[in-house]
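Nothing in this text is a laboratory measurement; each read-out follows from the coordinates by a stated rule. The model shown is predicted, which means the values in this text are computed figures rather than measured ones. With ideal geometry, Cβ positions are generated from the backbone for all residues, glycine too; neighbour counts draw on all protein chains shown.
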Amino acid sequence: MLVGIYAIVDPGLTERPLELLEALLAGGVRVVQYRAKAGVEREVVRAMHLRTRAQGAALIVNDDFEAALEADGWHAGQEDLVGRDVGELRRRLGGRLFGVSCGVAQEALVAAAFGADYVGTGPFAATTTKADAGPAIGAAGLRAVVAATRLPVVAIGGIDSANLDDVARSGARMAAVASAFARAADPQALAAELVMRWRAVAA
Ligand code: TZP
Ligand code: MG
């Protein structure tokens, strides 16, 4: 499941998040994150989860732990873990996925100790989707995180058809893609292209 394209559907990037989700699923994407910095909406989680479940895909909710319990996983930034009993959160997630954004090797080690299922790291390239994403880490930065953890690494930030091959060749297990899908004229076709390209290029 944790291999290939990890699509991020963000209502801040698209006016029709459910339509975008349908297109991505039709294009073969099997891991989707619902990201909503204006606030995760439970109705949206439920509507998305119906659609992902019907396709055998996983829905991961960003930020909002309780909402994630209605889906297949939770993605946390470092700030989402501060002051929380992460061991207890891991237990409450049960078999759901638990992903943690990590900028440096030390954070990846801690995430693994907490029982995370994957590490997210980036930005791989320049992005306007996350204002405080920091400078691009590129292939060298991605390789450093991959080398530092036994967990699957999801590369994120500024990934599109132009640089997907570099991400695949840098040891990432998955490539997270948000705005490239949101602005695509034909997101289903782009999803199918990226899914197939990853299979062809990744080791
Ligand atoms: N975290 C690091 S970069 C980023 C996040 C959420 C944004 C990724 O979006 P895009 O549009 O694919 O660059
Ligand atoms: Mg967060």
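Quick notes on this structure:
- Sites listed here are GluC sites (Glu not before Pro) in region 1-34 whose DSSP assignment is loop and whose Cβ has at most 10 other Cβ atoms within 10 Å: E15.
- For the chain, complete DSSP H runs whose alpha carbons reach 20 Å or more along their own long axis and whose mean Kyte-Doolittle score is -0.5 or higher are 187-201.
- Sites listed here are trypsin sites (Lys or Arg not before Pro) in region 63-121 whose DSSP assignment is loop and whose Cβ has at most 16 other Cβ atoms within 10 Å: R84.
- Neighbour counts of C-beta atoms inside 10 Å place S161, S170 in the sequence S161, S170, starting with the fewest.
- Compactness of the chain, taken as the C-alpha radius of gyration over 2.2 N^0.38 Å, stands at 0.93.
- Listed residues A140, A155, A116, most fluctuating in the chain (Gaussian network, C-alpha, under 10 Å): A140
- Full-stretch length increase - R90, A105 - with 0.36 nm per residue and alpha-carbon distance subtracted: 3.3 nm
- Modelled label positions at E22 and R150, each set 7 Å beyond Cα in the direction of Cβ, lie 4.4 nm from each other.
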